[in-house]
1. Might you tell me the accessible area per residue for the protein assembly as shown, computed with a 1.4 Å probe and given in Å²?
2. Scan around residue B:274 for amide H atoms under 5 Å from its own, H built in the peptide plane at 1.01 Å from N, and keep only partners 5 or more places away or cross-chain.
3. Would you look at the GNM of chain A, springs on alpha carbons closer than 10 Å, and say which of A:63, A:267, A:18 moves the most?
4. Starting from 0.36 nm per residue, how many nanometres of slack lie between residue A:204 and residue A:258 once their C-alpha separation is accounted for?
5. How far is the Cα center of the range B:205-257 from the Cα center of the range B:132-202, in Å?
6. Mind grabbing the base-10 log of I(q)/I(0) for the protein assembly as shown at q = 0.07 Å⁻¹? Debye formula, identical points on the C-alpha positions, no solvent, two decimal places.
7. Would you calculate a helix-derived [θ] at 222 nm for chain B, using -39,500 (n - 2.57) for each DSSP H run of n ≥ 4 and dividing by the full residue count, to the nearest 500?
8. Of chain A, which part is the longest with no GluC sites (Glu not before Pro) in a loop (DSSP not H, G, I, E, B) and with at most 13 other C-beta atoms within 10 angstrom?
Amino acid sequence: MTQSFETNKQGGANGQLIDAIASSERPSRPNGLSSSFTFASRALLRIKHVPEQLFDVTVFPIIFLLMFTYLFGGAIAGSTSDYLQFLLPGILVMTVSQITMYTGIDLNNDIRKGIFDRFRTLPIWLPSALVGALLVDTVRYSMASTIMIVLGLILGFRPEGGFPGVIGAVALILVFSFSLSWVWTTLGLIMRSEKSLMMVSMMVLFPITFVSNVFVEPETLPSWLEGFVDINPISLLVTAVRGFMHDAVTFEQIGWVLLASFIFTIIFAPLTMYLYRNKK
Amino acid sequence: MDDTKQTMAIEAKGLVKVFGKDRAVDGVDLSIKKGSVYGFLGPNGAGKTTTIRMLATLLQPDEGHAQIFGHDLVSETAAIKSRISLTGQYASIDEDLTGIENLIMISRLMGYSRKQAKARANELLHAFSLADAAKKQVKNYSGGMRRRIDIAASIVVTPDLLFLDEPTTGLDPRSRNQVWDIIRALVNAGTTVLLTTQYLEEADQLADRIAVINHGKIIAEGTSSELKASVGMSTLHVSLFDQQDRDKAIEVLTQKLDDSVRPGSDPASLTAQVLDPSVVAEALGELQKENIRMTTFSLGQPSLDEVFLTLTGQPVEENAAHEEGVTR
Ligand SMILES: Nc1ncnc2c1ncn2[C@@H]1O[C@H](COP(=O)(O)OP(=O)(O)O)[C@@H](O)[C@H]1O
Ligand SMILES: [Mg+2]
C-alpha cells in the first residue's frame, strides 16, 4: 500500500489526493435521529467485529442457570424443577442488569482512546452518540433474555403467564435496564481507567444482585438484611418479572419498578449529559 | 459574520489552563493567518495538546479568550465546529472497525446520504493509498496507515482549519513524508493548519510560522529563518582524539566561528552553532594547524534540545518529559 502511494505521487503529482481534497462540499448537518442511527450501526458493527462482547452476554447466564438449578436447587427448594420456576425470572434479571455495565465501559474506552474527541468536534447533536449506543444495548439485552428463556424452557421452565407474560416481563426488564444504563454512563465519564470503572461497577452490582430475592425468598433472611432486600430495586424488578411470568403480576409491582426506573433516569440521565458536554 | 474580511484563522489572548497546581498552559497569545501553516514546537508536557484542545472547543480555557474565524471560542462553539477538524495525538477512530466503516460513519455524521458516504469513503481511501486495506480493521494497520486514515477522517469534509497533534511522532521517514505531502496538499487547497511537533525539522519543513512552547509558555515565535537565526543555522559536533585538547580547541574555534562553541556532554566533544556553514571547513583547518586531532565531526540541523539550550539557556528538563497518554 505504501508502494502505491509512491507510484501515484510520481505518475500524476498525487492527483487523486488533490481531487479528494478539492471535491468535498459541506452537506447540511444530519438531524439527531439520523446521527443516532449512525451511532447505532457503529455499535452493531462492533458486535460483528468484537463478538467477545456477546460472549459475556450469553455464557455467564447459562453457567449461572445450570449451576444454581442443579447444584443448589434441591437444597433450597426441595426439587430442581420447582426451583427453576422460582429461579429463572430472577437470574434473567440478574444477567441483564450485569450486562448494562458494559454501556459504561464502552463509553469509557471511547473517551480514553480519543474517538470521543472527534465526535465532540463534529457539528452533530452530541447525545446521539449515547442514544445510538443505548438503542443497540436494547438489542443485546433482548438477545440475552431470549437465550435465557429458551434455555429455561428446555430445562423445564413453564411460565403460567404464557407468551404474553414472558413478553411483558422482558419489556419491563428492558425499561429498567435502560434506566440503569445511565448509572454506568455517569460512572464511565467520571472514572479514569477501565480497571477502576470495572471495580466500582462490580462493587455496586454484586451487592444489589446477590443481596436480593433472586436466589431465595427474603423471609428466610435475618430481618436487617430483609429490610435491604425488600427495597432493593433489583428485588422489585424480580418480583414483578416473576409476577408476569407466573400470571400473578399486580399494578403495584409494576408501579414500583417504573418508579425505580424513573428515579434512576431522572438523576443519572441529566448527570450523564452534563458530564458528557463538559468533559475536559 | 462576514468571512471575506476575516484574515485571521485564530486569534488568542492570554489562554490559561490549570490542572490542579500545574499551569499546563500559562498565558498563550496567538495570531494565525488564514491559509497558513502554524507549527507548535515543544517537548513532551509543554502544553501543546492542551492548547489545541482548548482551540478545538474540547476544553474550556480557565483564563483568556480566543476567536476562531472571528467566532468566540466559548459562546459560538457550534459555528466553530462546522469549520474545524481535529486529528488527535492518539488515534481518533474506532480501531475495531475497518477503514471504510470508519470513513462511512464519519461521512454519515457529516450529513452525507448513505450512497454519498460510501463514495466519499472510497475516494478518500484511494487518495490516501489505503484502498487495499479498506476492509481491514484499523487495529491491524501500521503506524503510518493509522495516521493516514485518521487524517482522512478529519477531511471527509475539507475543513477550513485543521488541528494536527503530533502527526508524525513515531513514524518512519517514509510514512512521515507521506503525511507531509498530505498536509501540503491541504494547504494548497486553502486549509489553515495548526500542527504540533517535537521535531524542529518538521516545523521547518511545513510551517510558515513557529511558536516554541515550554512549560505552557511561548518562549519564541517567528518564521523558521528567524528562529534559526536566533538558534544557529546548523550545529557542529566535534569529537577530539584527546580530551586534554578541548579547552584549546574551544578557544581556536571560537575565534573562527563565534562564542556559541560549548563543551559537549562527552569530555572529548564540543558543539557549536553555525550560521554560515562555509566557514566550518576553515575553522576545522585551524584545529589541524594547532595539531589538535579529531576523531569525527558532523554538521547537522540544530536539535530541539539545542533550540531550547539557546532560547532558554537551559536544556530540556527530563522531568518535564512524561507520557501524557495516561493523564488525559
Ligand atoms: N487532563 C489532564 N489532567 C491533569 N493534567 C493534565 C491533563 N492533560 C494534560 N495535563 C498536564 O498538562 C501538562 C501539559 O500537557 P500536554 O498539553 O499534553 O503537553 P504536550 O502535548 O505538549 O506533551 C502536562 O504536565 C500534563 O501532565
Ligand atoms: Mg501532546
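The values are calculated or read from the model by the stated rules, or taken from the named source; none is laboratory data. Computed from a predicted model, the values in this text were never measured in an experiment. We place every Cβ from the backbone using ideal geometry, glycine too, and count neighbours over all the protein chains shown. With ligands, DNA and RNA removed, areas are computed over all heavy atoms of the protein, side chains included. Shrake-Rupley method; radii C 1.70, N 1.55, O 1.52, S 1.80 Å.
1. Using a 1.4 Å probe on heavy atoms only, each residue of the protein assembly as shown averages 44 Å².
2. Answer set, sorted by chain and number: B:233, B:234, B:235, B:236.
3. A:18
4. 17.4 nm
5. 29
6. So the normalised log intensities are -0.57.
7. When only DSSP H runs of four or more count, the value is -10500 deg cm²/dmol.
8. Numbers: sites that count: A:25, A:160.
Answer - A:26-159.
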